[in-house]
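**Student:** Handing you this structure, nothing more for now.
The values are calculated or read from the model by the stated rules, or taken from the named source; none is laboratory data. Just so we're clear, the structure is a prediction, and the values are computed from it rather than from any experiment. Note: ideal-geometry Cβ built from the backbone for every residue, glycine included; neighbour counts use all protein chains shown. Side chains are part of the model used for accessible areas, which takes the heavy atoms of the whole protein and leaves out ligands, DNA and RNA. Shrake-Rupley method; radii C 1.70, N 1.55, O 1.52, S 1.80 Å.
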Amino acid sequence: MAMTMSQKILAYHAGLESVEAGQLIMAKLDLVLANDITGPVAIKEFKKSGAESVYESDKIALVMDHFAPNKDIKSAQQCKICRDFAAEQSIENFFDVGKMGIEHALLPEQGLVGAGNLVIGADSHTCTYGALGAFSTGVGSTDMAAGMMSGKCWFKVPSAIKFVLKGKPAKYICGKDVILHIIGMIGVDGALYKSMEFTGGGIKYLSIDDRFTICNMAIEAGAKNGIFPVDEVALDYMKGRFKRQPKIFEADPDAQYERVIEIDMSALKPTVAFPHLPENTRTPEAWGDIKIDQVVIGSCTNGHISDLRIAAGILKGRKVAKNVRAIIIPATNEIYLQAIHEGLVDIFINAGAIVSTPTCGPCLGGYMGILAENERAVSTTNRNFVGRMGHATSEVYLASPYVAAASAVTGKLSSPEEL
């Protein structure tokens, strides 16, 4: 039976020759992930079940990234639950202050996820790892607890939409514009419980960071997962990093897709999602005069070193506009160090921005950049729901690091061409 790339990974981990869309399967997991928000809930369920030990301590990852360093007593308690559990269970992949990183940038960097893996995480943006040819998806904390106990999870095999990416992106266009364009086209439920499988000759023009960004936001179209084929770009990233042997799966030529959508990346313009949905996308001619109060460049979506280089390229020799707060958040300590060594942090501070320790912080309205009443932010994060980054009357405009940095300079929503 012909299968998509995602279906082949699921079939392999279920020990089946083939699977088809809609089929229920039990599959073995390569990694189970939680953070300081979802981890404590999973740990509570784990203990309630009477389980005494996790299935394999090196296949569990707990990342303290949403409220670490702890912002208050409640967040400190959340992290303590995870710390104590990690110590009790001898969990090797426990990441806390001093080993900082936003989970979906940190795990690929640390070589814990890679081609052919099946990964679940109690965080919706676990779909990020599809950039490396893994099937990775978000689950609830109860499923996370079951995964920690058994090393297995139930799946309903998804159908798929094939996105054929063609052409070379123009200057100032990156992966964020590609995925925002797609979400604007198909809507926030346009790929509901489906695989978004990316292919086509244009893929060679997308860096691994672009691919992480695109897969990261597959969930914003309702998708079960996003996935790229494993090419030299992905293999180069995994070389000397991925702790297992990459296992490459390819879609069959006659695999069945619900839709095939072609995207000419050479025709794309800077794309921004206006409040209050990622599908509410507009290009510069429809932006109007949107004055802003804050810019955030970071998150699991756009906190990579390439994103910081883009921002520094725009901000170098310029100043952040008066009355605008510009917050830069490297996604991991390794990225933070690299930004320091390359002189990017000097550029940010000289421009009037601040640089934070790696954290999810402002993305979910946690800390390090909360919006007040009626304030507006241009952000490289992934969601712009009502109240997502603070007050219910605040507004979030999702954008690429090019647009975010340019907007920091002008004090209003702007494309780099306006500078």
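**Student:** Any residue in the stretch 63-83 that's in contact (Cβ under 8 Å) with a residue 40 or more places away in the chain and among the acidic types (Asp, Glu): show its pairings with residues that are crowded, with 17+ Cβ neighbours inside 10 Å and part of a loop (DSSP other than H, G, I, E, B) at Cβ separation under 9 Å, as long as the two are six or more apart or on different chains.
**Tutor:** Cβ pairs passing all conditions: 65/36; 65/100; 65/102; 65/358; 65/359; 65/360.
**Student:** Here's a follow-up. Which of the following residues is in contact with a Leu (Cβ under 9 Å, 6 or more places away or on another chain) and over 15 Å from residue 151 (Cα atoms): 65, 30?
**Tutor:** Exactly one of 65, 30 is in contact with a Leu (Cβ under 9 Å, 6 or more places away or on another chain) and over 15 Å from residue 151 (Cα atoms), namely 65.
**Student:** Any idea which of 19, 63 is of a type in the set (A, V, I, L, M, F, W, C), farther than 27 Å from residue 359 by Cβ and at pLDDT 95 or above?
**Tutor:** Values: 63 fails: farther than 27 Å from residue 359 by Cβ.
Only one candidate qualifies: 19.
**Student:** Does residue 373 satisfy being part of a helix (DSSP H, G or I) and either touching a Gly at 6+ places or on another chain (Cβ under 9 Å) or within 11 Å of residue 294 (Cβ to Cβ) (or both)?
**Tutor:** No: the conditions fail for residue 373.
**Student:** Then there's this: Of all residues being hydrophobic (A, V, I, L, M, F, W, C), over 19 Å from the mean Cα position of the chain (by Cα) and over 20 Å from residue 42 (Cβ atoms) in the stretch 68-117, which is surrounded by the fewest Cβ atoms within 10 Å (Cβ to Cβ)? Just the residue, please.
**Tutor:** Step by step, filter the stretch 68-117, then rank; the result is 73.
**Student:** Return the residue satisfying two criteria in turn: it lies in the stretch 146-183 and is of a type in the set (A, V, I, L, M) and part of a helix (DSSP H, G or I), and of such residues it is farthest from residue 197 (Cα to Cα).
**Tutor:** Residue satisfying both the conditions and the ranking: 149.
**Student:** Looking at the stretch 37-64 only, could you name the residues that are more than 14 Å from residue 126 (Cβ to Cβ) and polar (S, T, N, Q)?
**Tutor:** 49, 53, 57
**Student:** Quickly run through the stretch 156-166 and pick out the residues that are closer than 12 Å to residue 10 by Cβ and buried (at least 21 other Cβ atoms within 10 Å of the Cβ).
**Tutor:** Scanning the stretch 156-166 gives 157, 158, 160.
**Student:** Just the residues that are closer than 16 Å to residue 6 by Cα and either among the aliphatic types (A, V, I, L, M) or open to solvent by less than 10 Å² (accessible area, probe 1.4 Å) (or both), please, taken from the stretch 217-232.
**Tutor:** 218, 219, 223, 225, 226, 227, 228, 230
**Student:** Could you please let me know if residue 212 is in a loop (DSSP other than H, G, I, E, B), at pLDDT 95 or above, under 29 Å from residue 58 (Cα atoms) and touching a helix residue (DSSP H, G or I) at 6+ places or on another chain (Cβ under 6 Å)?
**Tutor:** Considered against the rule, which asks whether it is in a loop (DSSP other than H, G, I, E, B), at pLDDT 95 or above, under 29 Å from residue 58 (Cα atoms) and touching a helix residue (DSSP H, G or I) at 6+ places or on another chain (Cβ under 6 Å), residue 212 comes out as no.
**Student:** For residues that are touching a helix residue (DSSP H, G or I) at 6+ places or on another chain (Cβ under 8 Å) and farther than 15 Å from residue 225 by Cβ, scanning just the stretch 1-33, find the one that is most open to solvent (accessible area, probe 1.4 Å).
**Tutor:** Only one residue fits best here, namely 17.
**Student:** Moving on. All but one of (1) over 30 Å from residue 129 (Cβ atoms); (2) touching a His at 6+ places or on another chain (Cβ under 6 Å) hold for residue 300; which doesn't?
**Tutor:** For residue 300, the failing item is (1).
**Student:** Related question: What are the pairs with Cβ atoms under 9 angstrom where one residue, in the stretch 195-208, is under 12 Å from residue 251 (Cβ atoms) and among the β-branched types (Val, Ile, Thr) and the other, located anywhere, is modelled with pLDDT of 95 or more and open to solvent by 20 Å² or more (accessible area, probe 1.4 Å)? Sequence gap at least six, or different chains.
**Tutor:** Correct list of pairs: 199/162; 199/164; 199/229; 199/251.
**Student:** For the stretch 184-209, name all the residues that are on the phi > 0 side of the Ramachandran plot and either assigned to a helix (DSSP H, G or I) or touching a strand residue (DSSP E or B) at 6+ places or on another chain (Cβ under 9 Å) (or both).
**Tutor:** Listed by number, the residues that qualify are 193, 200.
**Student:** If you check every pair at least six apart or on different chains, which have Cβ atoms under 7 Å apart with a residue in the stretch 336-350 that is aromatic (Phe, Trp, Tyr) first and a residue that is part of a helix (DSSP H, G or I) second?
**Tutor:** Pairs that qualify, where the first residue is aromatic (Phe, Trp, Tyr) and the partner is part of a helix (DSSP H, G or I), are 348/312; 348/315.
**Student:** Among the helices (runs of 4 or more DSSP H) lying completely within the stretch 267-341, list those that include at least 1 residues that are open to solvent by less than 10 Å² (accessible area, probe 1.4 Å) and touching a Lys or Arg at 6+ places or on another chain (Cβ under 8 Å).
**Tutor:** Details: elements: 299-302, 305-315, 333-341.
Fully inside the stretch 267-341 and qualifying: 299-302.
**Student:** Also, I was wondering about something else. So which of 410, 381 is in contact (Cβ under 8 Å) with a residue 60 or more places away in the chain, touching a Cys at 6+ places or on another chain (Cβ under 7 Å) and within 17 Å of residue 311 (Cβ to Cβ)? Break it down stepwise before answering.
**Tutor:** Details: 410 fails: touching a Cys at 6+ places or on another chain (Cβ under 7 Å).
Selected residue: 381, the only one of 410, 381 that is in contact (Cβ under 8 Å) with a residue 60 or more places away in the chain, touching a Cys at 6+ places or on another chain (Cβ under 7 Å) and within 17 Å of residue 311 (Cβ to Cβ).
Residue-wise test of (1) surrounded by fewer than 18 Cβ atoms within 10 Å (Cβ to Cβ); (2) at pLDDT below 95.
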| site | (1), (2) |
| --- | --- |
| 344 | no, no |
| 349 | yes, no |
| 353 | no, no |
| 361 | no, yes |
| 377 | no, no |
| 380 | no, no |
| 383 | no, yes |
| 387 | yes, yes |
| 390 | no, yes |
